[in-house]
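The next block holds one structure in the form of structure tokens; read it before the comments.
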Amino acid sequence: MIDRHVSSPPQSVVRLPVRPDAGRYLVLAAVFVCAACGLVYELELVALASYLIGDSVTQASVTQASVVLSVMVFAMGIGSLLAKRLRCRAAVGFGLLEAALALIGGCSAMVLYAFFAWVGESRLVLVGFSLAIGVLIGAEIPLLMSLIQRISRRDAEGTVADLFAADYVGALVGGLAFPFLLLPWLGPLTGALLTGAVNAVAGGALVLWLFRRDLTARSRWWLLVANVTVLALLATATVLVDDFERAARSAVYGQQVRVAVHTGVQEVVLTGGRSGPPDLFLDGRLRVSGRDEYRYHEALVHPAMRGRHARVLILGGGDGLAAREVLRYPDVRSVTVVEVDPGVVRLARSDPALAPLNEYAYRDPRVRVVTADAFSWLRAPRGTYDVVISDLPDPHITPSAKLYSLEFYGLAARVLADGGRLVVHAGPVASRPRTFWTVDATLRAAGFGARPYRATGGAAAPHDWGFLLAAAGPPPRLGLDRGAPGLRAPAPSALTAGAHGAGAEGIRLPELPPSTLVHPRYGD
């Protein structure tokens, strides 16, 4: 029989200010807290990678998240190997490691955002933080194993089981706390700073109190200075975080930022509006340009309103601008707006620039607002509508992929009345032709006949918007209002051409597969 302790060098049992069993539980509590903080750092980097670096289905949800997680897991293995050199001074090593992790992890969000705002590129910084945080997290368990073995001589298997149980439960708490508490209540910057402070306090208290008799006077002094310095830096950053955010937003959005709020769903920024029309940004992406938003909304709404339109359903469109165009028709009896973010609706109701822009559409008694995800809401039939207007973010944006899927259009078909029309904002035709024609292919696979058309912005704002007007069976007659500025139909011959022409404006790409929930295809 092999002695289970042969592989571990004999170590003296440290003198503790508490009983060994109590000391063991305190170490496990520290494992729990540090694991929760470590997972928050990981999730924060994944979230920032998606927000700051990319927004397409493949780029953000796959590439960026994979880079963060794979680099971090690789670095954790390196950290575990490096920790072997610190086992002889595990208490000091763990104390310094947690101070460094608290500082790097706590400040990572601010530094990453600063590079994005003022340098314009943050990929290398993201990889650097993933590597550094992963190394420090990976070094925790070997050092904690050494510390807990010095408290009580229990079997190694039981000790490993206890450590990993505390680590996994802590990771669960951190994984739930980030999206449900830290992100909606504090935001990513303050949430990361607070997590760093908790990390520093947990690591510093464990070493400086529980293992104080195992430290030399010089080690205690250096650990105390390191932890006080880290906490002071984190506290200073927390005090200045609002000023930092304002400065960073000005660098990204310009000097006329009037409203910037985290709604729990997304970051909403409203600029301008005092001397000109406002611009609305959702998670850093321009959603409404006040200079030519009317071109987009006229093109979206009016072609679909030719025909019966007593009952209208708007999916998205929380800014109220699509509802404004619908309400221009006096024979409209009801308008239902399904918007996932109530914060956008609140702004559209009350903002002194946005509310006049939508002509106070939400004050009209015909308008009813439903706060819900459009996909989930469509799964429970709620009557039928003559017109369904899909005023959603571009298909290639990660959260929007399911709202341009075959399954989504199947649900939309169930709420269309006989002879009803569905109009879909399908992204730009010229710059993302594969995305646009994938939406067309998905509609056709769902049983719709679709008529493509596009609208362009003015010379001051050269936007390109692609739309698809669909109905069950044959494509509906487009009937564009030639009086609407910037609104025009592409040449029919170009739209029906069978030749390849991915870079050519308005040329249909043949044989594109539809996008589904399992296989989203909007990552061009």
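The values are calculated or read from the model by the stated rules, or taken from the named source; none is laboratory data. Computed from a predicted model, the values in this text were never measured in an experiment. Here Cβ is always computed from backbone atoms with ideal geometry, including for glycine, and neighbour counts include all displayed protein chains. The accessibility values were calculated without ligands, DNA or RNA, using every heavy atom of the protein model including side chains. Shrake-Rupley method; radii C 1.70, N 1.55, O 1.52, S 1.80 Å.
Scanning segment 384-439 for residues that are assigned to a strand (DSSP E or B), in contact with a His (Cβ under 8 Å, 6 or more places away or on another chain) and among the charged types (D, E, K, R) yields ASP386, ASP391. Within segment 341-354, being assigned to a helix (DSSP H, G or I) and either within 25 Å of the chain's Cα centre (by Cα) or touching a residue at least 24 places away in the same chain (Cβ under 8 Å) (or both) holds for PRO342, GLY343, VAL344, VAL345, ARG346, LEU347, ALA348, ARG349, LEU354. Restricting the first member to segment 69-90 and to residues that are part of a helix (DSSP H, G or I), and the second to residues that are open to solvent by 60 Å² or more (accessible area, probe 1.4 Å), the beta-carbon pairs closer than 6 Å and six or more apart or on different chains are VAL71/LEU131; ALA75/LEU131.
Pairs linking a residue in segment 207-218 that is over 18 Å from GLN149 (Cβ atoms) to a residue that is open to solvent by less than 70 Å² (accessible area, probe 1.4 Å), with Cβ atoms under 8 Å and 6 or more positions apart or on different chains, are LEU208/GLY95; LEU208/LEU215; LEU208/LEU223; LEU208/ASN227; TRP209/PRO17; ARG212/PRO17. If the condition is being open to solvent by 70 Å² or more (accessible area, probe 1.4 Å) and assigned to a helix (DSSP H, G or I), then segment 233-264 contributes LEU233, THR236, VAL239, LEU240, ASP242, ASP243, ARG246. With respect to TYR385, determine if the residue is in contact (Cβ under 8 Å) with a residue 12 or more places away in the chain, within 19 Å of GLY449 (Cα to Cα) and aromatic (Phe, Trp, Tyr). Yes: the conditions hold for TYR385. The single condition among (1) open to solvent by less than 30 Å² (accessible area, probe 1.4 Å); (2) in contact with a Ser or Thr (Cβ under 9 Å, 6 or more places away or on another chain); (3) modelled with pLDDT under 85 that ILE148 does not satisfy is (3). I'd like to check something: does segment 32-39 contain any residue that is at pLDDT 95 or above and open to solvent by 50 Å² or more (accessible area, probe 1.4 Å)? Checking segment 32-39: at least one residue is at pLDDT 95 or above and open to solvent by 50 Å² or more (accessible area, probe 1.4 Å).
Of the residues making up segment 311-322, not a single one is surrounded by fewer than 21 Cβ atoms within 10 Å (Cβ to Cβ) and not in a strand (DSSP E or B).
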